[in-house]
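Q: Below is the structure I would like to discuss, written out as structure tokens.
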Amino acid sequence: MAEIDLETQLQKMRADWDARARENARHYVDTANSEWTDDAFFASGESTLSEEILTDLGNICQGKAPADMRVLEIGCGAGRVTRALARFFGEVHAVDVSGEMVQLAKQAVKDHPRAFVYQNNGKDLAVVPDILFDFAFSSIVFQHIPSREIIENYVMEVHRLLRPGALFKFQVQGAQDLDPTQPLDTWEGVSFSEREAVDMAFRCGFDPRYRYGAGEQYFWLWFFKR
């Protein structure tokens, strides 16, 4: 991929995701269905909660009651998972680069007064209150980001906001990297090898304790703040 400055990448990410939201937001959030009903869309978020959170409460809660936990979500899209998180945890703060998606996510959590959604700039968490979080989560988000610089900056920002010992559980693209001869793509993001993921964790102040799915599209990482 030709060298493209950071601001151009961020502008394209925002514009592309706004366009996808206007076309068919729920499909682009979860491509398993092109015509999601409300019930089915939010049930899919509950499924993510069941599969990725409820099966991993020891690492996530570390003895704390979920109702007492403050959680951060990166890339909330139309609020599919955000609403499920808000039904389970005491407080949820979520960000997305797309203003169109943010409006949909706010509507999704309108009945949850301790769920907060912000439009961010696509690279950091400056819009989030400077408070400590007990857990951070991101699902099917970094697979779409075409820049390691942006992804690593997010990881550093999560480190800034997590309490010591807390977990950032997230996915990156583990499959083959983008064709460097092709133009910037905000759908198929940059990939990470196992070594690259581990190195990023250490640079950002995390203990990369577990990982699953190296070499695959959904490469899960468990980064614990040191």
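Q: Report, in deg cm²/dmol and to the nearest 500, the calculated mean residue ellipticity at 222 nm for the chain, where each DSSP H run with n ≥ 4 adds -39500 (n - 2.57) and the sum is divided by the residue count.
A: Calculated at 222 nm, the ellipticity per residue is -11500 deg cm²/dmol.
Q: Then there is this: Put a dot 7 Å past each Cα toward the Cβ at Arg226 and Ala43; how far apart are the dots in nm?
A: Once both label points are built, they end up 4.5 nm from each other.
Q: Name the long-range amide H neighbours of Phe219: under 5 Å, sequence gap of 5 or more, or other chain; modelled H, no Pro or chain starts.
A: Hits under the 5 Å cutoff: Val172, Gly174.
Q: With +1 on each Lys and Arg Cβ and -1 on each Asp and Glu Cβ, and nothing else charged, work out how big the dipole of segment 113-200 is about its Cα centre, in Debye to the nearest 20.
A: Its charge dipole is roughly 460 debye.
Q: When the chain is fully extended, how far beyond the present Cα-Cα distance does Trp187 get from Ala67, taking 0.36 nm per residue of separation?
A: Extra length available between Trp187 and Ala67 comes to 39.7 nm.
Q: Test of understanding: what is the full-extension gain from Asn33 to Met156, defined as 0.36 nm times their sequence separation minus their Cα-Cα distance?
A: 40.9 nm
Q: Then there is this: Considering the alpha-carbon set of the chain alone, what are its Rg and its Dmax in angstrom?
A: Rg then Dmax for the chain, in Å: 16.4, 49.
Q: So for segment 69-111, taking the charge dipole from beta-carbon charges (+1 Lys/Arg, -1 Asp/Glu), which of Ala94, Gly75, Val109 sits furthest toward the positive end?
A: Val109
Q: Could I ask something else about it? Would you give the gap between the C-alpha center of segment 116-135 and the C-alpha center of segment 45-88, rounded to a whole Å?
A: Cα centroid to Cα centroid, the span is 16 Å.
Q: Which ³J(HN,Hα) values, rounded to whole Hz and listed in residue order, are derived for segment 42-49 from phi using the Karplus coefficients 6.51, -1.76 and 1.60 in 6.51 cos²θ - 1.76 cosθ + 1.60 with θ = phi - 60°, glycine and proline given as x?
A: Whole-Hz 3J(HN,Hα) from phi for segment 42-49: 6, 5, 5, x, 5, 5, 4, 4.
Q: Treat the count of other C-beta atoms within 10 Å as a stand-in for reagent exposure and order His93, His112 from fewest to most.
A: His112, His93
Q: With the cut-off at 23 Å, tell me which of the pairs Lys110/Lys225; Lys12/Lys110; Lys64/Lys225; Lys169/Lys225; Lys12/Lys169; Lys64/Lys169 have Cα atoms farther apart than that.
A: Over 23 Å apart, Cα to Cα: Lys110/Lys225; Lys12/Lys110; Lys12/Lys169.
Q: Once phi is turned into θ = phi - 60°, what whole-Hz ³J(HN,Hα) does the Karplus curve with 6.51, -1.76 and 1.60 give for every residue of segment 153-161, x standing for Gly and Pro?
A: Rounded to whole hertz, the list is 5, 4, 4, 5, 5, 4, 4, 4, 9.
Q: May I pose another question? Starting from the 7 Å offset along Cα-to-Cβ, what nm value, one decimal, do you get for the label separation of Asp199 and Asp56?
A: It is 2.4 nm.
Coordinate-derived values only; no laboratory data. All figures in this text were calculated on a predicted structure; none of them were measured in a lab. Here Cβ is always computed from backbone atoms with ideal geometry, including for glycine, and neighbour counts include all displayed protein chains.
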